[in-house]
Amino acid sequence: MSFLSSSDALRYREYYSSCFDHFYAEESVAEHPALLRAREVAPDIPFKIIRSREEVPTEHRSARTLLAVTGRGNAVGRCPGTRGHICCNYLTVDLYTGCNLGCSYCIMQSYLNFSPITVRIDTQDSVARLAQIARLNTGRVVRAGTGETGDSLWLDPLFNISADILDGIRAHPNLILELKTKTDFVDHLLGRVDPAQVVFGFSLNPGQFAEVEEPAAVPPALRLAAAERAVQAGYRVAFHFDPLVRSEATAGAYEHLCSEVGRFPASHVAWISMGTIRYPKELRDALPDRPYMLDEFVPARDGKYRYLQRERVAIYRAMLTQLRAGTSAPVYLCMESAVVWRRVFGSEARQLPELSSLFDPVELPRVGEAQ
Ligand code: SF4
């Protein structure tokens, strides 16, 4: 378990035992190094090899069960984006399905209720695909992330998969992997992976809000402390104010978070994103009445519910002013319309010099093209 310090080994052994009641692995990965690492880090979780995921007993099909599968053939794709809204051209590497950090606003609350937390531990195909994309896009930065349907770092001290990917893409310096998280689980990577190819991304929300609405996540103050450790070790970080929520629990609190972000040297802040809360109808139906859901929301062109456009613009402008008081790092909007972009920044992302390199679409190989 050389990738964990002895104090971290103890912390994670206890932590993961508290997260899971059962741990299954498909026999195709029985000898995979990432599985052996996980077994060593968390030996107390009852473990069983199964022939296929269908063998997980019905009564164990929940977020209290961990399931390791092969992941061969896994695609790297574009972030699905959303109709009528500007997408930041992020590539997604599909490693995790599910997360039990329990954010009340998480889209996964509306599905996956009867699924184990699934981890695709064999990253070989994803790495090969990323390398192919890097070669096709020589001369420009390609951003990829693993946090589309899960938290990038929540299970990383268990399987240490991010290091596998980062080792695999080392020959392609134009590839950057962003590890987006609501944890402070960074220490196993600091000093062990190349600072030029990784960005630690932290989602931020006011502490009082996070305490209630992100109950099993690490408190934002500790996420900021982890960001500080990463920067001190020479890494770049990113901050995501997403979802930005207007409620009694957040009133006046974003200003403090913006000033905290302003304490980081801009040279080490790769980017900052902002996105007001949005949700599809299914999530609304799945949620109990959270105080922030009692606000006024309207359906947008992609069918998701958002604050009125003029209110979103006011929120973004206020945030931007507060952020700009402390940092010159690039700031962008997540899943917003061209009109909102123009009203907040005066133009769209690709016209802004500091953002054009991020928002120019990455070329993807055609399906079936040799790797
Ligand atoms: S950390 Fe992310 S994936 Fe996990 S519950 Fe919260 S929003 Fe969902």
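The values are calculated or read from the model by the stated rules, or taken from the named source; none is laboratory data. This is a predicted model, so every value here is computed, not measured. Cβ: placed from backbone, ideal geometry, glycine included. Neighbour counts: every protein chain shown. Side chains included, ligands, DNA and RNA excluded: accessible areas come from the protein's heavy atoms. Shrake-Rupley method; radii C 1.70, N 1.55, O 1.52, S 1.80 Å.
Summary of computed values
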{"read-out": "Qualifying helices (runs of 4 or more DSSP H) (wholly inside region 249-367; at least 3 residues being touching a residue at least 12 places away in the same chain (Cβ under 8 Å) and open to solvent by 70 Å² or more (accessible area, probe 1.4 Å))", "value": "281-286"}
{"read-out": "Tally of residues being basic (Lys, Arg) and within 22 Å of the chain's Cα centre (by Cα) across region 301-325", "value": "2"}
{"read-out": "Output for region 170-189, where each listed residue is under 18 Å from the mean Cα position of the chain (by Cα), away from the ligand (no atom under 16 Å from the Cβ) and open to solvent by 30 Å² or more (accessible area, probe 1.4 Å)", "value": "Asp187"}
{"read-out": "Residues being within 24 Å of the chain's Cα centre (by Cα) and of a type in the set (A, V, I, L, M) - total across region 288-300", "value": "2"}
{"read-out": "Counted residues, region 1-38 - those being assigned to a loop (DSSP other than H, G, I, E, B), in contact (Cβ under 8 Å) with a residue 60 or more places away in the chain and not aliphatic (A, V, I, L, M)", "value": "4"}
{"read-out": "Candidates Phe239, Phe209 - the one that is within 16 Å of the ligand (Cβ to nearest atom), open to solvent by less than 10 Å² (accessible area, probe 1.4 Å) and at pLDDT below 95", "value": "Phe209"}
{"read-out": "Flag for Ala144 being open to solvent by 30 Å² or more (accessible area, probe 1.4 Å), at pLDDT 80 or above, among the small types (Gly, Ala, Ser) and away from the ligand (no atom under 14 Å from the Cβ)", "value": "no"}
{"read-out": "Residue within region 203-225 that is hydroxyl-bearing (Ser, Thr, Tyr) and in contact (Cβ under 8 Å) with a residue 40 or more places away in the chain present", "value": "no"}
